[in-house]
Amino acid sequence: MGWSWPSPYQRNLRHGGMRRAICLGPPKANNGGSKVYRRHRLPFLFLKALMTSLLIVQPVLADRPPDGLARPPVHIKDDARSAPTGLTPAQVRHFYGFDQIANKGAGQTIAIVDAFDDPNIESDLAVFSAQFGLPSCTTANGCFRKIYAAGSKPRADAGWSLEISLDVEWAHAIAPAAKIVLVEAATNSFANLIQAVDVAVASGASAVSMSFGGNEFASQTTYDAHFNVPGVTFTASSGDSGSGVEYPAASPYVLAVGGTTIQTADALGTYSSETAWSGSGGGQSAIESEPLYQSSFGIASNNKRGVPDVAYDGDPNTGFSVYDSVRYQGQAGWFQIGGTSAGAPQWAALIAIANSMRVGLGKGAIYGAPFALYNASAYGANFHEISSGSNGSCGTLCNAGSGYDYVTGLGSPRAAALIPALATY
């Protein structure tokens, strides 16, 4: 049986540190066994007022899934529109400095690992690319490929399709010259998703994006070896439920990506500031020990793996434009989407660009990206330090601060400096 994270009609809202769920109707089972939420036939004016109030409160914080399953931490702001309302590729590339790097990932392959099938992803990517003037990325021109990890087509899932659209479109937005391989797991179980990770590695990817997560579990360390592959970097979203650690972000071989709220200085996307996003997952792992790259960095961690490693825009209120034609809760078109799952594919794209530059320098692909990032020279020049904001009320572990913190890690990328540093590392 599949599991669906709360729909737009089951909002988890944070008020003074407390969470409450608002549902417009009891759950019913869909054909796939997942729970969806039907709308009550409420008076129009009441419904309009209620939905308006939902849009002005704090971002949605999705609950974690049952043990053994993962969910994509993706959040929608407002209803689908006929035209983009979120950030554009040009704005994001300018905000983080990608537009100062000529290399766009040529010769590299980014693998996107998600669960279930998005039947429209290639055509949706074409709409996205045309809208923003990006190069075409299709099966026909060799840029895009979809693989069913279990050998047969999984059932379609509207929620995961939205995640797939976000991941594929924004990996292409940041590294438009890189190839993209979408690997679809049969279900959202960890067993099936890890199988898909292995297939992604076998496909020749040098960067693998995993925009999913679930509760830590005692035997998770047996999966860690799947992420310890020479020449391959694995990125994962840290979670969107605020303070707390999820897997696979907790693996010491994975680059865990937390979330921020961004502030632009102008319509071009010029960098102004970032604060920690309240939904950013983070903290100390209950299972994994502190890796050498963190202990060498001087992090006081009680010998526990700290999450996340880095950060990226994750707040749906400062979210990304995504096109998805697979109807989700009756809606399709242009969505404004946030969540730490937005950062995982874009950090994978950053790694792909660095690896492309490394090829030009006669170097191999990065092995052990966390080691490289924590040890890259000129920390202050390579990262935007996020020193304000929090993801809970647990004290130091929940507050952003100077240097490394358990909400935003090392910070967000100054791509124009960080990518060359990784290229020469």
Ranked list, fewest to most other Cβ atoms within 10 Å of each Cβ, for F144, F335
F144, F335
Which cross-chain or sequence-distant (5 or more) residues have an amide H under 5 Å from the amide H of A156, H modelled 1.01 Å from N in plane?
D117
Taking placed amide H atoms and a strict 5 Å upper bound, the residues 5 or more places from S289 or on another chain that come that close are R305
Can you work out ³J(HN,Hα) from phi for every residue in the stretch 115-125, in order, using Karplus 6.51 cos²θ - 1.76 cosθ + 1.60 and θ = phi - 60°, giving whole Hz and x for Gly and Pro?
9, 6, 10, 9, x, 10, 4, 5, 5, 5, 4
The stretch 255-274-the stretch 359-425 distance, computed between alpha-carbon centres (Å)
15
Rounded to 5, percent antiparallel among DSSP beta bridges of the stretch 208-322
50
Checked the stretch 75-424 with the C-alpha gyration tensor, a ≥ b ≥ c its square-rooted eigenvalues, rounded below a/c of 1.5, otherwise prolate if a/b is larger than b/c and oblate if not; verdict rounded
Please arrange R81, R305 by counting, for each residue, the other beta carbons lying within 10 Å of its beta carbon, fewest first.
R81, R305
Please rank I121, I180, I287, fewest neighbouring Cβ atoms within 10 Å first, as an exposure proxy.
I287, I121, I180
With a point put 7 Å past each Cα toward its Cβ, work out how far L292 is from Y271 in nm, to one decimal.
3.0
Quick one: Karplus J couplings for the stretch 191-202, per residue in order, coefficients 6.51, -1.76, 1.60, θ = phi - 60°, nearest Hz, x for Gly and Pro?
4, 6, 5, 5, 4, 5, 4, 4, 5, 4, 4, 5
From phi via Karplus (6.51, -1.76, 1.60), per-residue ³J(HN,Hα) for the stretch 134-151 in Hz, x at Gly/Pro
8, x, 5, 10, 10, 5, 5, 8, x, 7, 10, 8, 10, 10, 8, 4, 8, x
Can you list residues whose amide H is under 5 Å from A150's amide H, if they're 5+ apart or on another chain and H is modeled 1.01 Å from N?
A186
Quick check on the stretch 75-424: of the DSSP beta bridges with both residues there, what percent are antiparallel, nearest 5%?
45
Anything over 26 Å Cα to Cα? Flag those among K77/K153; K104/K363; K104/K153, in the order listed.
K77/K153; K104/K153
Rounded, prolate or oblate: pick one for the stretch 145-203, where a ≥ b ≥ c are the square roots of the eigenvalues of its C-alpha gyration tensor, a/c under 1.5 means rounded, and failing that, prolate if a/b is larger than b/c, else oblate.
oblate
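Read-outs: derived from the displayed coordinates by stated rules, not from any lab. Keep in mind the model is a prediction, meaning the values are calculated, not measured. Reconstructed Cβ throughout: ideal geometry from the backbone, glycine too, with neighbour counts over all protein chains shown.
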